[in-house]
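The values are calculated or read from the model by the stated rules, or taken from the named source; none is laboratory data. None of these values were measured; they are calculated from a predicted model. For neighbour counting, all protein chains shown are included, and Cβ atoms are generated from backbone atoms with ideal geometry for every residue, glycine included.
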Amino acid sequence: MPEALTLEDRAERFKDSAFHNKDRVVICAGTGCMANGSMRIFERFREVIGSKGLKVQVALQAENGADCTIAETGCQGFCQMGPLVTLRPKNILYTNVREGDVEEIVDTTLIGGGYVERLLYGFPDTGERVRDMNAIPFYEKQHRLLLEMCGNIDVHLLDEYVFRGGYFMARKAVVELSGEAICQEMLASGLRGRGGGGFPTGRKWDIARGFKSDVKYVVCNGDEGDPGAFMDRCVMEGNPHAVLEGMIIAAKAVAATHGYIYVRMEYPLAVKRLKEAILTAREAGYLGEGIFGTGMSFDVEVKEGAGAFVCGEETALISSIEGKRGMPTLKPPFPAESGLFGKPTVINNVETLATIPVIMRMGAAEYSKMGTKGAKGTKTFALTGHVANTGLIEVPFGTTLREIVGDIGGGVLNNDGTLAGCDFKAVQIGGPSGGCLTKEHLDLPLDYDNLQSVGAMVGSGGLVVMNQETCMVQIARFFMQFTQNESCGKCVVCREGTRQMLAFLDDITEGRANEGTLDVLERLAKTVKTGSLCALGKTAPNPVLSTLKYFRQEYLEHVVNKKCPTGNCERLLTYLVIADDCKSCGLCAKVCPVGAVSGAKKEPYLIDQEKCIKCGACFKKCKFKAIRRG
């Protein structure tokens with residue numbers, strides 16, 4: 001069925017609307033800001049603006065007599081400062097907004113034309129306030145290409161996505177281009193899969209295009225499970241139509257008839273907005289039978305996964321969609337030949353598919369100018385950990401860690417949240433599948449090949465920054481415990497190997513290991529890496545191998561001297577009473593569960609190191625800070 005309105009009609013309708021021509025209050029309604037009450041702020045703006053005698057509009061309407069509009073967007077990226085409110089067209093960003101701030105914003109800015117200075121971003125070192133969001137280093141140092149619309153457009157307005165160029169490339173692909181031409185454009189762009197493997201997208205599509213079948217599938221992998229990663233979630237929540245448009249273009253390239261978006265059930269907001277976008281696109285004639293008035297039919301549905309990390313692997317994901325247990329299968333055959341329900345299937349992750357329309361609007365030649373020789377374009381990262389500015393960022397491939405952590409991230413934080421005197425120790429890149437980078441890698445241009453050469457990987461894009469107070473053995477143990485829990489158990493090498501690696505790491509952090517343990521752990525890690533069936537097992541040892549390589553001395557301190565240099569491994573701590581500070585109150589002795597603390601009135605108490613089980617009860621109970629641990 002042909003679309004009721006042409007794309008040009010929709011773009012013109014939005015251009016003439018109050019959303020484009022009047023003052024606009026843009027509320028960040030990504031998961032992070034919503035958790036902090038952004039939708040209550042949204043409703044409060046409606047109430048306050050109305051109470052001031054102004055007409056406010058929250059949805060696209062035929063009449064455009066509103067004085068201002070309110071837009072509900074996806075994640076604006078600056079999660080550290082949420083909830084975020086941006087006022088257009090002045091581009092004023094207010095941070096850490098609360099319901100009680102709304103009336104002041106309306107009176108001072110919407111009506112008065114001024115600024116609420118205390119809500120503007122302030123530089124941590126000088127306190128200087130910044131009025132234009134693009135002058136904030138967090139935004140200024142990025143290249144927001146894929147994320148340009150994510151925190152700007154109203155997630156409920158199809159017309160706004162179209163006004164900004166949306167679905168024009170899908171129509172061009174369906175109406176004007178051959179599958180071969182689309183594949184060649186993707187190859188020329190240099191786009192590689194953003195889900196971790198980095199396989200050239202155009203080549204994957206061309207392989208699937210070459211297989212003949214009456215039914216083919218396009219699958220969007222939205223099963224983002226890395227700890228600390230939320231890039232795909234934010235795109236699905238903030239710009240779901242970009243994902244759909246990328247799937248339509250992929251469908252034309254390989255002659256697919258149906259699409260699935262596989263999303264973990266922990267992402268309810270993404271599921272909701274994707275389903276809304278699918279319904280809207282179907283009603284507009286962009287999905288379903290005869291899309292864009294042609295003979296091509298392609299529809300999409302959302303499949304919710306149960307949250308298994310292994311289902312991020314494409315064959316396990318396929319099994320899950322088919323209603324089977326999510327477990328990987330041997331390859332070949334690859335999904336491009338025999339995938340979902342035995343039919344040729346293209347699987348790309350959210351970021352990859354959402355990038356497709358961007359590339360086609362820019363042109364492959366222009367897009368390929370960004371990045372490095374082996375990694376073109378930009379990459380989104382979830383920047384978290386001991387860094388001043390956490391959030392969702394996008395930078396060209398080739399950007400260094402120094403630029404990301406120091407310029408965009410604003411510097412490394414102490415555990416107490418201060419910047420003074422703190423120093424960078426490492427960053428875990430690529431989640432449980434990735435590895436640690438150190439000070440010596442601060443100026444390494446980030447791309448697929450450079451990271452692989454130092455034992456890490458781009459992965460889906462998680463970046464966890466760590467300060468000098470972080471125990472690297474504990475970091476390796478954290479990720480190993482995660483992958484061990486998430487192993488599907490199909491292959492013995494992964495199932496038992498990760499379990500034994502975790503046991504060795506427990507021995508190291510609890511004082512039972514020796515130098516020989518490190519050698520066995522390293523050999524076992526290499527065995528698991530080589531012998532596992534799927535990428536989960538093959539990459540699970542990466543955090544262990546990279547920390548052993550770059551922080552071996554820290555491991556040796558644990559196993560030889562039985563000390564944790566950072567004081568994070570409880571079982572390796574020593575508790576001592578400072579005689580001059582001890583008041584002989586006896587509280588430490590009363591709470592010790594094994595009777596390791598003894599003393600007499602007016603005499604300093606003592607801790608028997610042979611009996612002490614390192615529980616820390618005495619340390620926590622002492623009111624006079626007379627017990628030292630180290």
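All of 323, 307, 293, 312 fail the test of being buried (at least 24 other Cβ atoms within 10 Å of the Cβ), out of contact with any helix residue (DSSP H, G or I) (no Cβ under 7 Å at 6 or more places or on another chain) and not hydroxyl-bearing (Ser, Thr, Tyr), apart from 312.
Filtered by the rule that a residue be at pLDDT 95 or above and over 14 Å from residue 564 (Cα atoms), segment 499-515 gives 499, 500, 501, 502, 503, 504.
Got at least one residue in segment 483-496 being of a type in the set (Val, Ile, Thr), touching a residue at least 40 places away in the same chain (Cβ under 8 Å) and surrounded by fewer than 20 Cβ atoms within 10 Å (Cβ to Cβ)? Show your work before the answer.
Of the residues in segment 483-496, the ones of a type in the set (Val, Ile, Thr) are 483, 492-493.
Narrowing further to those that are touching a residue at least 40 places away in the same chain (Cβ under 8 Å): 483, 493.
Filter once more, so that each one left must be surrounded by fewer than 20 Cβ atoms within 10 Å (Cβ to Cβ): 493.
Looking through segment 483-496, at least one residue is of a type in the set (Val, Ile, Thr), touching a residue at least 40 places away in the same chain (Cβ under 8 Å) and surrounded by fewer than 20 Cβ atoms within 10 Å (Cβ to Cβ).
Screening residue 196 with (1) without any contact (Cβ under 8 Å) to a residue 40 or more places away in the chain; (2) at positive phi gives one miss only, at (1). If the condition is being of a type outside the set (Lys, Arg) and either in a helix (DSSP H, G or I) or surrounded by fewer than 24 Cβ atoms within 10 Å (Cβ to Cβ) (or both), then segment 396-409 contributes 396, 397, 398, 400, 401, 403, 404, 405, 406, 407, 408. Taking helices (runs of 4 or more DSSP H) that fall entirely within segment 550-627, which contain at least 1 residues that are in the same structural domain as residue 518 (by TED's automatic domain parsing)? Because the criterion is at least 1 residues that are in the same structural domain as residue 518 (by TED's automatic domain parsing), the helices (runs of 4 or more DSSP H) in segment 550-627 that meet it are 552-559. Looking only at residues in segment 212-261 that are of a type in the set (A, V, I, L, M) and touching a Ser or Thr at 6+ places or on another chain (Cβ under 7 Å), the one that is farthest from residue 384 (Cα to Cα) is 215.
Got a sec? Which of 463, 451, 442, 446 is crowded, with 23+ Cβ neighbours inside 10 Å, touching a Leu at 6+ places or on another chain (Cβ under 6 Å), at pLDDT below 95 and hydrophobic (A, V, I, L, M, F, W, C)?
Numbers: 451 fails: touching a Leu at 6+ places or on another chain (Cβ under 6 Å); 442 fails: crowded, with 23+ Cβ neighbours inside 10 Å; 446 fails: touching a Leu at 6+ places or on another chain (Cβ under 6 Å).
Only one candidate qualifies: 463.
Within segment 311-329, does at least one residue satisfy the condition of being farther than 17 Å from residue 221 by Cβ and not basic (Lys, Arg)? Within segment 311-329 (the criterion being farther than 17 Å from residue 221 by Cβ and not basic (Lys, Arg)), the answer is yes, since at least one residue qualifies. Could you go through segment 353-365 and let me know if any residue there is assigned by TED's automatic domain parsing to the domain that holds residue 249 and assigned to a loop (DSSP other than H, G, I, E, B). Scanning segment 353-365 turns up at least one residue that is assigned by TED's automatic domain parsing to the domain that holds residue 249 and assigned to a loop (DSSP other than H, G, I, E, B). Residue 404 satisfies every condition listed in (1) over 23 Å from residue 149 (Cβ atoms); (2) hydrophobic (A, V, I, L, M, F, W, C); (3) under 19 Å from the mean Cα position of the chain (by Cα) except (1).
If only residues of segment 87-103 that are surrounded by 16 or more Cβ atoms within 10 Å (Cβ to Cβ) and under 19 Å from residue 55 (Cα atoms) are counted, the one that is farthest from the chain's Cα centre (by Cα) is 103. Across segment 519-536, the qualifying residues are those that are part of a loop (DSSP other than H, G, I, E, B) and hydrophobic (A, V, I, L, M, F, W, C), and the one among them that is surrounded by the most Cβ atoms within 10 Å (Cβ to Cβ) is 534.
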